[in-house]
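What follows is a short report on a single structure.
Computed from the coordinates by the stated procedures, all read-outs in this text should not be read as laboratory data. All values derive from a computational prediction rather than experimental measurement. So basically every Cβ, Gly included, is an ideal-geometry build from the backbone, and we count neighbours across all protein chains shown.
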Amino acid sequence: MGWPSFLPFRDASTPRKWYDGACHCGKFQFTFQHPIVEDGFEVLTCNCSICTAKGALYVYIPDPAVDFKFTKGSLKELAEYRFDRKAVGHLFCGSCGSNLLEDILLGEQKVIAVNARFIKGIDLNAIKLRHLDGRSLDSVIDEAMKDINAP
């Protein structure tokens, strides 16, 4: 299975580190391993209606079973909003409203996207952004599915 071309790609040789994050009220806390965003690994910004409204900046965790875990709270406890094709779960804290994660199913692969605005200790002004035309969502999803189904 391929990786969608619109998402920042990493391979096994990409240096990674562990990051910590939390919602504003602290009800949900998590840790995850990801390529080093401070060294120029791209963070995705999207112009779709919901990402624009949330101001979200996402890093993608392609293997959340290995590279992502909650240290307080759980995925099932987060509030969820789905719209349009319902392919992406927008997950947020029901107490403080922090939009923490996206829960995405790409083909048969589950991916977690972490909103970089809730990562502790990174300078958001120093990160490299990759822009996604989410307003053209149907063509983006169609392109992703072609990438995923490629050998």
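Label ILE50 and LYS27 with points 7 Å out from Cα along Cα→Cβ: what is the distance between them in nm?
Reported label-point gap for ILE50 and LYS27 is 1.9 nm.
Taking 0.36 nm per residue of separation and subtracting the Cα-Cα distance, what length does fully extending HIS131 through PHE83 add? Could the numbers behind the result be given before it?
Values: separation 48, 0.36 × 48 = 17.28 nm, distance 2.13 nm.
Difference between extended and current length: 15.1 nm.
What distance in nm separates the two pseudo spin-label positions at ASP39 and GLU108, each 7 Å out from Cα along the beta-carbon direction?
3.3 nm
Skipping prolines and chain starts, which residues have an amide H placed within reach, meaning under 5 Å, of the one on CYS48, given they are 5 or more residues away or on another chain?
The list, which skips near neighbours in sequence, is GLY134, ARG135.
Give a residue-ordered list of calculated ³J(HN,Hα) values for region 118-133 (Karplus: 6.51 cos²θ - 1.76 cosθ + 1.60, θ = phi - 60°; whole Hz; x for Gly, Pro).
Values, residue by residue: 10, 8, 6, x, 9, 8, 5, 6, 9, 8, 8, 9, 10, 8, 10, 7 Hz.
Can you report the principal axis dimensions of region 16-145 using only the alpha carbons, biggest first, rounded to whole angstrom?
Its Cα atoms span 36, 33, 28 Å along the three principal axes.
Under 18 Å from the 7 Å Cα→Cβ point of LYS76, by amide nitrogen: which residues of region 13-34?
Residues 28-29 fall inside that zone.
Report ³J(HN,Hα) in whole Hz for each residue of region 76-84, in order, from the Karplus equation J = 6.51 cos²θ - 1.76 cosθ + 1.60 where θ = phi - 60°; Gly and Pro get x.
5, 7, 6, 6, 9, 10, 10, 9, 6
Work from the charge dipole of region 16-145 (Cβ charges, +1 for Lys and Arg, -1 for Asp and Glu, about the Cα centre) and give the residue of SER98, HIS131, SER49 farthest towards its positive end.
Of the options given, the answer is SER98.
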